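These notes are about the structure you will find just below.
The values are calculated or read from the model by the stated rules, or taken from the named source; none is laboratory data. Note that this is a predicted model, so its numbers are computed, not measured. Because the Cβ atoms are built from the backbone with ideal geometry, glycine has one as well, and the counts that use them run over all protein chains shown. Remember, those area values only see protein heavy atoms, side chains included, never the ligands or the DNA or RNA. Shrake-Rupley method; radii C 1.70, N 1.55, O 1.52, S 1.80 Å.
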Amino acid sequence: MKRQNYFNSIEERLNLLVLRTKSRGKLNLLDLNIHEETFFENLLNIAYSLELRNLNKEDKNAKGVDLIDSNNRIVFQVTSTATIAKINKSLEKLGSEYQGYKLKFIFIGHDVHSKFSKKSYNKNSYVTFDPVNDILDITTLLSEIAHTNDIQKIAEIYTLCKREIPLDEMKESTPSHEVGFRNQMLSKAKWNHETTNDSKYVKREKLVDWLDKNVNDTAVRTISIKGM
């Protein structure tokens, strides 16, 4: 199905972007973050039907926010720094010029929403901020994309991600220590069947050998589905 192919490509590219952003952040290389503002400007506009524009292109001294939608009165902070202090700092910077606006965050990472959505934050009398609805991350963004009924929207996001996040180029620039760690972990992967008292249990050695071979192949994407 086209829908599934589109989503699989989007998911792989966004997850790779998270990996690269995290790796470069540890090295204090922040040039990628600047380009990500424009990327997420376009992505959020498609995903949430907004009219965001990059405020940093208009005002180099803009503080607390990166993207603004004046018609829908929404501002976004695009960041890979997931801390309570980061959120509070952004709230403190927004003054009367944002009266009546809603502040949202898009964190370039996973599980930020689940970790921070129930925390308490500083109050700001000018903007509204609801952590449950206004803290977004790559996990929540992918969920939004996966559950939309608009196939044209998914196709547009796919086209954007394919254009902005070329897989070959991104993978080639992945630091060697991360590749080594990934390969080290994969080299330890083994497929096992849980113990059974069934006297008729068939071990399926050939199938297990085939699975072992593929789970340790970095060119193969492996998904484990576990159930009763």
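Quick notes
- Residue match in the range 102-120 (condition: more than 15 Å from the chain's Cα centre (by Cα), of a type in the set (A, V, I, L, M) and under 22 Å from residue 38 (Cβ atoms)): yes
- Scanning the range 112-126 for residues that are assigned to a loop (DSSP other than H, G, I, E, B) and within 25 Å of residue 143 (Cβ to Cβ) turns up 117, 118, 119, 120, 121.
- Selection within the range 63-111: residues that are small (Gly, Ala, Ser), part of a loop (DSSP other than H, G, I, E, B) and open to solvent by less than 20 Å² (accessible area, probe 1.4 Å). The member of this set that is nearest to residue 43 (Cα to Cα) is 109.
- Members of the range 135-162 found to be open to solvent by 10 Å² or more (accessible area, probe 1.4 Å) and hydrophobic (A, V, I, L, M, F, W, C), listed by number: 136, 142, 146, 151, 155
Yes/no per residue for (1) modelled with pLDDT under 95; (2) farther than 24 Å from residue 25 by Cβ:
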| position | (1), (2) |
| --- | --- |
| 52 | no, no |
| 57 | yes, no |
| 101 | no, yes |
| 137 | no, no |
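- Any pair with Cβ under 6 angstrom, 6 or more apart, that starts in the range 82-93 at a residue that is under 12 Å from residue 106 (Cβ atoms) and ends at one that is of a type in the set (Val, Ile, Thr) and surrounded by 15 or more Cβ atoms within 10 Å (Cβ to Cβ): 82/112
- Residue match in the range 31-53 (condition: of a type outside the set (A, V, I, L, M, F, W, C), touching a residue at least 24 places away in the same chain (Cβ under 8 Å) and touching a Lys or Arg at 6+ places or on another chain (Cβ under 7 Å)): yes
- Condition check for residue 24: of a type in the set (D, E, K, R) and open to solvent by less than 80 Å² (accessible area, probe 1.4 Å): yes
- Residues that are of a type in the set (D, E, K, R) and touching a strand residue (DSSP E or B) at 6+ places or on another chain (Cβ under 6 Å) do not occur anywhere in the range 152-163.
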